[in-house]
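*Asks:* Here it is, the structure in full.
The values are calculated or read from the model by the stated rules, or taken from the named source; none is laboratory data. Quick caveat, the model's predicted, so the values are computed rather than measured. Every residue, glycine as well, gets a Cβ built from its backbone with ideal geometry; the counts of neighbours run over all protein chains shown. These accessible areas exclude ligands, DNA and RNA; they are computed on the full protein's heavy atoms, side chains included. Shrake-Rupley method; radii C 1.70, N 1.55, O 1.52, S 1.80 Å.
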Amino acid sequence: MMYWLPWVQGFTLGAGLIIPIGAQNAFVLNQGMRRQYHLLVAAICSLFDVLLISLGVFGGGAALQSHGLLYWGISLAGMAFLLLYGAHCWRRVFQQGQAVALSGRERGLKAVIIGVLAVTLLNPQVYIETVMILGSVGGGFAEREKWAFAIGCFSASLIWFFTLALAAARMSNWLNRPLVQKVMDATIGTLMWLLAAKLALGLSETL
């Protein structure tokens, strides 16, 4: 019973960091609304959360924080990706409604896997949340409690990504309406640019 508290803390903190909309959530949502490899995308996001949270909780968080150049490199790559992703979303806003719907369905498995790996591995927010924040909190527990905390975080990630993918697929008939897609693409595109701006501001504060 003594391990329930670290599990609850891990689940709560993990959910609080994972649920707010970001590049990963936007990608899962887009694939879910198109019913295109959405469960695979959710599984990949959850798998990398497990790997990165484990890395952070069991010592990797401190190592990442001590390597400023590595953090800068990840942040710059992430900014470039977020800007391009946002531009791609806005380009779809100005396409014809039918073309927007079809363009999502034409993406092959390879393109989808590359996309989800990009929003995960080129996204500094993922490392900050999983390796640094969750890692620093989880690292303060005793050894067995670390596992309980980490499993709580894993549970939050698994439940959230699969719920998001399945809910988007369930609502796909409504979400795939041209007007709804344009609103979503505009919202996601703007959000990606805001995240890129936030990264740039964070880097400027380290100078």
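*Asks:* In whole percent, how big is the carbon plus sulfur part of the accessible area of the chain, probe 1.4 Å, protein atoms only?
*Replies:* Ligands and nucleic acids excluded, carbon and sulfur give 73 percent.
*Asks:* Here's a follow-up. Would you mind listing how long the chain runs along its three principal axes, going by Cα atoms, in whole Å with the largest first?
*Replies:* 56, 44, 26
*Asks:* Okay, moving on. Please label the shape of the stretch 1-57 as rounded, prolate or oblate, based on the square roots a ≥ b ≥ c of the eigenvalues of the alpha-carbon gyration tensor (a/c under 1.5 means rounded; beyond that, a/b larger than b/c means prolate, else oblate).
*Replies:* The shape class here is prolate.
*Asks:* At a Förster radius of 22 Å, what calculated FRET efficiency corresponds to the Cβ-Cβ distance of Ala77 and Leu47, to the nearest 0.05?
*Replies:* Result of the calculation: an efficiency of 0.60.
*Asks:* Given 0.36 nm per residue, what is the gain on full extension from Val8 to Leu203 after removing their alpha carbon distance, in nm?
*Replies:* Going from the current span to full extension adds 66.9 nm.
*Asks:* Mind checking the per residue accessible area of the chain for me, 1.4 Å probe, whole number of Å²?
*Replies:* 50
*Asks:* If you don't mind, another one. Using +1 at the C-beta of Lys and Arg and -1 at the C-beta of Asp and Glu, which of Leu164, Ala196, Leu47 has the Cα lying farthest in the positive direction of the dipole of the chain?
*Replies:* Leu164
*Asks:* Under the rule of -39500 (n - 2.57) per DSSP H run of 4 or more residues, summed and divided by the residues of the chain, what mean residue ellipticity at 222 nm is obtained, to the nearest 500 deg cm²/dmol?
*Replies:* Theoretical 222 nm ellipticity from helices: -25500 deg cm²/dmol.
*Asks:* With a cut-off of 14 Å, note down the residues of the stretch 26-61 whose backbone N falls inside the zone around a label point 7 Å from the Cα of Glu143 toward its beta carbon.
*Replies:* 58
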